[in-house]
Each structure stands twice: as structure tokens, then as C-alpha cells.
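A.B. asks: Here it is: the structure, laid out below.
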Amino acid sequence: RAVLVLPPHWQTAVWLMACWYAGLEAVPVDAADFEPGRLDGPYLLVAAEEVLDGMLTDTGAEEIVGLSLHALGGALAECPPGVVDYAIEVRAHGDRFVPAPGVTPETRVLSVTNTTLTGAELVEAARETAGKWALDAGDRVLVDMPFTTLDGLLVGLLAPLASGASVIIQRNFDESTLDRRITVEHVTAVAGAPGWNDATGRVRRLL
């Protein structure tokens, strides 16, 4: 398993997809809800720099990876002893990856909000969500939803992927600039933005 203590971010999406390609069960959690040492069994702990200090006491993690979440993928400002700096580590790896033969559609890939899904179940849920909101390859979805809930993952990442749509991941919306962002980004649907809808997975179509 890989426990991901990460906010909505393009690097979070990278880690989720990497876990699924490698056959790991991704466990995205909110930093406020995570209690170091409370999980059973071996796991990899992946944490954002902003919460990394609080993760260092987790004796249950086999390895801790830190992400700076810099826009251009920069390194941690200061890497604590025993922590792997993802931005530095990933540079040594090639762009090609072949998943292990044991990774199948029945492999458990996600545990979130008291729900565990296989790869096949996750893909089906993504397709159903894309159909529910009539998303297609021409859509550009602006989202402000956590990837620590199933609704957030489906609406903010997986349904757009399943439909070929694009996603604009936004943290901490500035409502004063939201209209301009929608215009500049050619947004066709919004999910989770304050004043537009709630964060429960409801999508508001603009076009």
C-alpha cells in the first residue's frame, strides 16, 4: 500500500496513477485525519512538504517520500534525514515503465472513505460518473475537490480521464478571480468551487 497525504495537485494525480500501474493499493488521506502508526501492515508513506514534519514519527511506514509540490517539480527546501525527496529521486528513472505481470483488473487499487475498489471497479465507477455528467473529450473541468474522497477522485480526476476530458486542478479558490479563470481556461464544467456548487461530487455544466 501507498498512503498518500497529499492535496489536490498534478503530482498527486501522478502518484495515484503510478500506484495503480505498479499494482499498489493507494490510500489517500487528509493530513488532519492521519494518525502516524495507526495503520496495520507495511506501507509507503508519501507526504507533501507542508505536512511532512508531522509524518516523521510514523514508525509503521517502511519508507517516507516527501514532495515539495513546487509548480515545476522542484526539490524539498530541506529534506529530513531518512526521507526520500521525490523530485530528486524521480530524475534518475526513465520514462518507460512496464507493470508487473501480477497486476490485473482484479487487483485492489484504492481504499478511500471506507471503500475498497479493484482496478476494474474503479474504471467502471469512472465511466459511470463521466456518463452521469455527460463529460466528453471536448470538456475542460475546473475542480476544487480533495482526492481523499471517492467523489473527489471520480469527479476531479478519473471521470475526466475516462471520457478524454481535461482537468484544471485548483486549490484554495480565489472567488474574485474565478470568473476570469473560467474564461481564460475555456472551462466547460465546474466542480467544488465555492459559490458554484458543493464539494459532494456535483458538477455544474457551463456549456
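The values are calculated or read from the model by the stated rules, or taken from the named source; none is laboratory data. If you're wondering where the values come from, they're calculated on a predicted model, not measured in any experiment. Glycine also receives a Cβ, built like all others from the backbone with ideal geometry; neighbour counts cover every protein chain displayed. Note: areas computed on protein heavy atoms with side chains; ligands, DNA, RNA excluded. Shrake-Rupley method; radii C 1.70, N 1.55, O 1.52, S 1.80 Å.
A.B. asks: Can you compute the label reach from Glu35? Point 7 Å from Cα along the Cβ direction, backbone N cut-off under 15 Å, restricted to the range 43-60.
C.D. replies: Those under the cut-off are 58-60.
A.B. asks: Moving on. Need one value: the accessible area of Leu178 in square angstrom, 1.4 angstrom probe, rounded to the nearest 10.
C.D. replies: For Leu178, the solvent-accessible surface is approximately 10 Å².
A.B. asks: Select from the range 116-180 those trypsin sites (Lys or Arg not before Pro) which occupy a DSSP coil region and have at most 16 other Cβ atoms within 10 Å, ordered by residue number.
C.D. replies: When the trypsin sites (Lys or Arg not before Pro) of the range 116-180 are filtered for loop state and at most 16 Cβ neighbours within 10 Å, Arg171 remain.
A.B. asks: Please give the charge dipole size of the range 1-145, origin at the Cα centre, charges +1 on K and R Cβ atoms and -1 on D and E Cβ atoms. Round to the nearest 20 debye.
C.D. replies: Here the size comes out at about 420 debye.
A.B. asks: Using a 1.4 Å probe, how large is the accessible area of Glu25, given in Å² and rounded to the nearest 10?
C.D. replies: Answer for Glu25: close to 20 Å² accessible.
A.B. asks: Another question about this same structure. With a cut-off of 8 Å between alpha carbons and a minimum separation of six or more residues, what is the relative contact order of the chain in percent?
C.D. replies: 17
A.B. asks: Right, next: Nearest-5 percent of antiparallel DSSP beta bridges in the range 88-207?
C.D. replies: 50
A.B. asks: Compute the distance in nm between two label points, each set 7 Å from the Cα along the Cα-to-Cβ direction, one at Glu124 and one at Thr183.
C.D. replies: Taking the simple label geometry, Glu124 and Thr183 are separated by 4.5 nm.
A.B. asks: Within the range 12-120, list the trypsin sites (Lys or Arg not before Pro) lying in a DSSP loop whose Cβ has at most 11 other Cβ atoms in a 10 Å radius.
C.D. replies: In loop regions of the range 12-120 (DSSP not H, G, I, E or B), the sparsely surrounded trypsin sites (Lys or Arg not before Pro) are Arg38, Arg96.
A.B. asks: Can you give the net charge of the other residues whose Cβ lies under 12 Å from the Cβ of Leu6, counting K and R as +1 and D and E as -1? Display every interim value, and only then the final one.
C.D. replies: On the way: positive: Arg171; negative: Asp30, Glu49, Glu50.
The answer is -2.
A.B. asks: What does the accessible area of Glu124 come to, in Å² to the nearest 10, when a probe of 1.4 Å is used?
C.D. replies: 90
A.B. asks: Between beta-carbons, use under 13 Å as the cut-off and find the net charge around Ala75, counting Lys and Arg +1, Asp and Glu -1.
C.D. replies: In short, -3.
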